Ligand SMILES: C[S@@+](CC[C@H](N)C(=O)[O-])C[C@H]1O[C@@H](n2cnc3c(N)ncnc32)[C@H](O)[C@@H]1O
């Protein structure tokens, strides 16, 4: 099944509870899908996308606010967030490890990082193709890498990763810092 017909945004955020931080919210495609959260903070570095996300946030029933910021430097108090959400962002962040350190800092003890991301393909042929295409692709696609080993980086940074679904190169996971 392709990602376009997989209702992944609902799966990712529909049942998430508590105080939520969404990183790299883009134009705010997930924001109206939070049904059970108490409050949603969203950050997005691109000013034009952040403006669109603010429009989407204003239409939400739940309290949602949007700030311009990067995942590597979160304008959020330590240990204040129940769930951090990331969808299709870790392919593009400048520094995955620094972003994970910041996410660890803002999460409460037992807080959860929920992600849908595309990652380096598992088959050697496709992984090689992703490696070859990435230098060109990231130049035209806002630093999007086709070959980021995001699950392995999470584990190396001492996150306990629970993979909920894999669809091709797309992974839906939950991770807890330990
Ligand atoms: C493919 S878009 C996904 C947008 C949105 N999360 C969604 O699912 O529709 C990637 C987003 O990551 C954002 N981004 C890139 N680098 C980032 C960083 N260092 N910190 C936070 N967001 C970043 C981009 O500005 C862009 O909005």
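Bear in mind these aren't lab numbers, they're just calculated from the coordinates by the rules spelled out. Keep in mind that this is a model prediction, so the values were computed, not measured. Ideal geometry is used to build each Cβ from the backbone, glycine not excepted, and the neighbour counts take in all protein chains shown.
Tell me yes or no: at least one residue of region 86-97 is surrounded by 18 or more Cβ atoms within 10 Å (Cβ to Cβ), under 13 Å from the mean Cα position of the chain (by Cα), within 16 Å of the ligand (Cβ to nearest atom) and in a strand (DSSP E or B).
Yes.
Examine region 101-115 for a residue that is touching a helix residue (DSSP H, G or I) at 6+ places or on another chain (Cβ under 7 Å) and in contact (Cβ under 8 Å) with a residue 40 or more places away in the chain, and state whether such a residue exists.
First, the residues of region 101-115 that are touching a helix residue (DSSP H, G or I) at 6+ places or on another chain (Cβ under 7 Å): 113-114.
Cutting the leftovers down to in contact (Cβ under 8 Å) with a residue 40 or more places away in the chain gives us 113-114.
Yes, region 101-115 has at least one match.
Just name the residue that is surrounded by the most Cβ atoms within 10 Å (Cβ to Cβ) out of those in region 116-133 that are touching a helix residue (DSSP H, G or I) at 6+ places or on another chain (Cβ under 9 Å) and in a loop (DSSP other than H, G, I, E, B).
It comes out as 119.
Kindly establish whether residue 161 is assigned to a strand (DSSP E or B) and surrounded by 14 or more Cβ atoms within 10 Å (Cβ to Cβ).
Working: assigned to a strand (DSSP E or B): yes; surrounded by 14 or more Cβ atoms within 10 Å (Cβ to Cβ): yes.
Answer is yes for this residue.
For residues in region 135-153 being part of a helix (DSSP H, G or I) and away from the ligand (no atom under 15 Å from the Cβ), which is nearest to the chain's Cα centre (by Cα)?
Kept after step one, since they are part of a helix (DSSP H, G or I), are these residues of region 135-153: 135-140, 150-153.
Then drop every residue that is not away from the ligand (no atom under 15 Å from the Cβ), which leaves 135-136, 151-152.
Details: 135: 22, 136: 23, 151: 12, 152: 16 Å.
Taking the candidates together, the pick is 151.
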